[in-house]
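The values are calculated or read from the model by the stated rules, or taken from the named source; none is laboratory data. For clarity, every value in this text was computed on a predicted model and none was experimentally measured. Positions of Cβ are generated from backbone atoms using ideal geometry, with glycine treated the same way; all protein chains shown enter the neighbour counts. Note: areas computed on protein heavy atoms with side chains; ligands, DNA, RNA excluded. Shrake-Rupley method; radii C 1.70, N 1.55, O 1.52, S 1.80 Å.
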Amino acid sequence: MKEEHAHSEPGFEYAGERPLSIYEQALAKYNTNISDDEVRAAVKKLIAEKVPGNDTPEVKRFLLGSVELTTLKTTDSEESVLAFTERVNRFDEEYPTLPHVATICVYPCFASTVSQSLEVDGVGVACVSGSFPSSQALLEVKVAETALALKDGATEIDIVMPVGKFLSGDYEGVADDIHELKEVCGTHKMKVILETGCLKTASNIKKASILAMYAGADYIKTSTGKLEPAATPEAAYVMCQAIKEYYDETGIQIGFKPAGGLNTVADALIYYTIVKEVLGDKWLTNEWLRLGTSRLANMLLSEVVGRETKFF
């Protein structure tokens with residue numbers, strides 16, 4: 001029997017005068033007192049020893065099929081997003097033996113454009129929502145934006161954890177925000193972006209990962225790509241450890257999505273290797289591992305077909 005997300009668990013424990021919230025109780029089940037230096041050393045060792053063995057055509061084909069082809073520019077328009085979607089349609093015709101991308105990721109105002117023009121079965125329509133990339137809006141606005149994106153054809157939603165609340169210690173507020181938006185998403189997958197570059201420490205990244213999962217995240221994602229630093233191997237390592245421990249504790253499988261700063265095929269191979277080594281083969285499908293990027297798709301395609309190709 002799978003354990004439910006902690007939001008629905010009744011009962012409180014007491015710490016002195018104040019009751020521990022259900023989220024503080026959840027955090028207490030995990031070791032969040034982790035050393036940044038130890039994480040750096042473990043990641044350095046893992047990259048040196050394991051990445052070369054994953055540098056194969058098969059892995060690159062797999063990673064191409066895990067890409068969330070993303071356009072989140074101020075200059076996006078109906079025309080540019082339509083052209084973006086048409087390239088995905090054309091890819092299926094021109095490269096019928098290669099895996100297509102996992103999703104097209106856009107702003108909510110373009111959900112209907114993508115969903116109405118996308119012709120490829122198995123490609124999802126992901127929308128960033130909840131006042132992306134800052135998450136600084138009234139909850140009612142985030143709820144409305146998310147509901148409208150789903151109404152217009154989004155099949156997955158990416159939201160940003162309220163980082164300011166997290167850094168000020170309002171874990172209850174963070175979790176309630178995430179839980180409320182998951183209620184709107186229902187059976188649609190929801191990814192929670194931790195914006196790990198703002199969290200600074202491995203300990204904070206571990207805590208944020210656990211809170212997001214207990215509050216209802218179906219995936220946890222490193223970054224918006226709008227702030228530096230974005231995804232790092234160290235943040236990915238800590239997040240994957242949290243996913244593994246959460247799975248061991250609850251039986252609930254959570255997906256992982258590095259995003260922002262995935263600039264080379266070598267970067268993608270590093271994230272693949274971290275997932276493989278920390279989480280295992282069960283996560284090596286494009287249902288559980290996604291790569292948030294646009295530039296990487298052409299690089300992976302070039303390596304797979306053996307010549308420089310600028311298709312997307």
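Structure data summary
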| read-out | value |
| --- | --- |
| For region 167-312, size of Cβ-based charge dipole, Lys and Arg +1, Asp and Glu -1, in debye | 520 debye |
| Computed helical MRE - 222 nm, the chain, DSSP H runs ≥ 4 contributing -39500 (n - 2.57), nearest 500 | -14500 deg cm²/dmol |
| Positive-pole candidate from 179, 129, 144, dipole of the chain, charges at beta carbon | 129 |
| Long-range amide H partners of residue 124 with built H, under 5 Å | 103, 104 |
| Within the chain: Cβ-based charge dipole about Cα centre, in debye rounded to nearest 20 (Lys, Arg +1; Asp, Glu -1) | 720 debye |
| In Hz, Karplus ³J(HN,Hα) per residue of region 196-206 (6.51, -1.76, 1.60; θ = phi - 60°; x = Gly, Pro) | 4, x, 7, 7, 6, 10, 4, 4, 5, 5, 5 |
| With every protein chain in place, the chain: carbon and sulfur % of accessible area (1.4 Å) | 51 percent |
| For the chain, alpha-carbon Rg and Dmax in angstrom | 19.1, 66 |
| Region 24-97: C-alpha gyration tensor shape, a/c 1.5 cut-off, then a/b vs b/c | oblate |
| Rounded, prolate or oblate (a/c below 1.5 giving rounded, otherwise prolate when a/b exceeds b/c) for region 29-173 by Cα gyration tensor | oblate |
| Estimated vicinal HN-Hα couplings, Hz - region 295-312 in sequence order (Karplus 6.51, -1.76, 1.60; Gly, Pro = x) | 5, 5, 4, 5, 5, 5, 4, 4, 5, 5, 8, x, 7, 5, 9, 10, 8, 8 |
| Listed residues 76, 248, 176 arranged by accessible area, highest first, probe 1.4 Å | 248, 176, 76 |
| Dipole-positive endmost among 67, 193, 253 within the chain (Cβ charges, Cα centre) | 67 |
| For region 249-304: rounded, prolate or oblate by the Cα gyration tensor [a/c cutoff 1.5] | prolate |
